[in-house]
Amino acid sequence: MTLGEIARAVNGEIEGDPDIVIEGVREIEEATPHDIVFAFDRHHALAASRSQAAAAVLKRGYSVPGKPVVIVDNPRLAMAIILDHFRPPLSAPHGIDPTAHIGEGAKIAQDASVGAYAVIESGATIGAGCIIFPGAYIGRDVVIGDGTVIFPNVCIGERVRVGKRTIIHAGAVIGADGFGFVRDGNINKKIPQIGTVIIGNDVEIGANACIDRATIGATIIEDGTKIDNLVQIGHNVKVGPHVIIVGQTGIGGSCVIEERAILAGQVGVVDHVSIGGGATVAARSFVTSRVPPEEMVSGSPARPHREELESEVAIRRLPRMIQSLRALEEIVSDLQKRIEQLENSLSK
């Protein structure tokens, strides 16, 4: 792309020669005279000015002396658009590999691709433009919408519904049984999990994530939600649209995560809890009660972030407070001894 084409693609303002040809994107330290780099803040802008890069994408309000720049309000959004152009093509299977197993009655769109040793069970429907990578398992009566990509060794259980343009990364398991048991004397008796999972459009599910099927009804992941690697979502959970769930988070059964909520890394959520729309749960927090909309919480158990910060500050002061308390105890003990000596002298 030329720099002018990049500026138009990201709706940015250009300063410098618009006809400079850009051949790639690199980190600032590794940039060559044919690359463009991104400057998100003053530190990056200074580094970009010293680099060999041909040009920079720059957040409004900063400058990169001596370099052509594209000025934007949101450089991270611009980065996403530019990287989408420069990324290498997906090394995907084409057509249906002869080693793939296609069950009786499965419907596969003419332009869909199915890789080696993938299994598509009877009654499954694979939409137009879908890519099923090698070793994936698509269960009976599963429906996968147009343009969805299923990476290697994904397992999608029977009757699951996956929307359009969704991405499911390697090793994810969608529709395993929910963790449901009931005590029968000393025995844990399994509760049959007869529900399903419904995943919306434009969802992304990370590697080795697990989304359990519902006991009854459906576990639901709505449009635009992004789920990181190694996330566990329990049975009957409802996740609203455009939610972010970061790696190693675990969500107990029947929780409700409302639209645009953010759950940072290693968050735990007990079952039957709701997290309001636009709320943020900080990393390594443990949620035990409802989080109001737009609230930020942290800690274990989670509480309003400001309260948790105040508590953390107080905890860090404890060693000094203990030293002060011991010093005061010594002073009080010394005073008590003096009082006793004074009382003894007066009694004589």
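The values are calculated or read from the model by the stated rules, or taken from the named source; none is laboratory data. Computed from a prediction, not measured in an experiment: that's the story for all the values here. Because the Cβ atoms are built from the backbone with ideal geometry, glycine has one as well, and the counts that use them run over all protein chains shown. Surface areas here come from the heavy atoms of the whole protein model, side chains and all, with no ligands, DNA or RNA. Shrake-Rupley method; radii C 1.70, N 1.55, O 1.52, S 1.80 Å.
Just checking, which of 330, 307, 294, 343 is in a helix (DSSP H, G or I) and either open to solvent by less than 100 Å² (accessible area, probe 1.4 Å) or closer than 30 Å to residue 234 by Cα (or both)?
On the way: 330 fails: either open to solvent by less than 100 Å² (accessible area, probe 1.4 Å) or closer than 30 Å to residue 234 by Cα (or both); 294 fails: in a helix (DSSP H, G or I); 343 fails: either open to solvent by less than 100 Å² (accessible area, probe 1.4 Å) or closer than 30 Å to residue 234 by Cα (or both).
That would be 307, the only listed residue that is in a helix (DSSP H, G or I) and either open to solvent by less than 100 Å² (accessible area, probe 1.4 Å) or closer than 30 Å to residue 234 by Cα (or both).
Report the residue count in the range 92-110 for those that are open to solvent by 100 Å² or more (accessible area, probe 1.4 Å) and not in a strand (DSSP E or B).
Qualifying residue count for the region: 4.
Here are some conditions: (1) open to solvent by 40 Å² or more (accessible area, probe 1.4 Å); (2) more than 22 Å from the chain's Cα centre (by Cα); (3) not basic (Lys, Arg). Residue 215 meets all but one. Which one does it not meet?
(1)
When you go through 261, 283 one by one, which is the residue that is at pLDDT 95 or above, among the aliphatic types (A, V, I, L, M), surrounded by fewer than 18 Cβ atoms within 10 Å (Cβ to Cβ) and under 18 Å from residue 233 (Cα atoms)?
When all the criteria are applied, what remains is 283.
Answer with yes or no whether residue 345 is polar (S, T, N, Q) and more than 25 Å from residue 245 (Cα to Cα). Let's see the steps before the verdict.
On the way: polar (S, T, N, Q): yes; more than 25 Å from residue 245 (Cα to Cα): yes.
For residue 345, the condition - polar (S, T, N, Q) and more than 25 Å from residue 245 (Cα to Cα) - is met.
Against the definition (out of contact with any strand residue (DSSP E or B) (no Cβ under 8 Å at 6 or more places or on another chain), charged (D, E, K, R) and assigned to a loop (DSSP other than H, G, I, E, B)), how does residue 84 come out, yes or no?
Here the answer is no, as residue 84 does not meet what is asked.
Looking at the structure I just gave you, is residue 71 in contact (Cβ under 8 Å) with a residue 40 or more places away in the chain, open to solvent by 10 Å² or more (accessible area, probe 1.4 Å) and touching a Phe, Trp or Tyr at 6+ places or on another chain (Cβ under 9 Å)?
Considered against the rule, which asks whether it is in contact (Cβ under 8 Å) with a residue 40 or more places away in the chain, open to solvent by 10 Å² or more (accessible area, probe 1.4 Å) and touching a Phe, Trp or Tyr at 6+ places or on another chain (Cβ under 9 Å), residue 71 comes out as yes.
Quick one: what pairs do we get from the range 191-215, first residue at positive phi, second in a loop (DSSP other than H, G, I, E, B) and open to solvent by less than 60 Å² (accessible area, probe 1.4 Å), C-beta under 6 Å, 6+ apart or different chains?
Short answer, once both residue conditions are applied: 202/224; 208/171.
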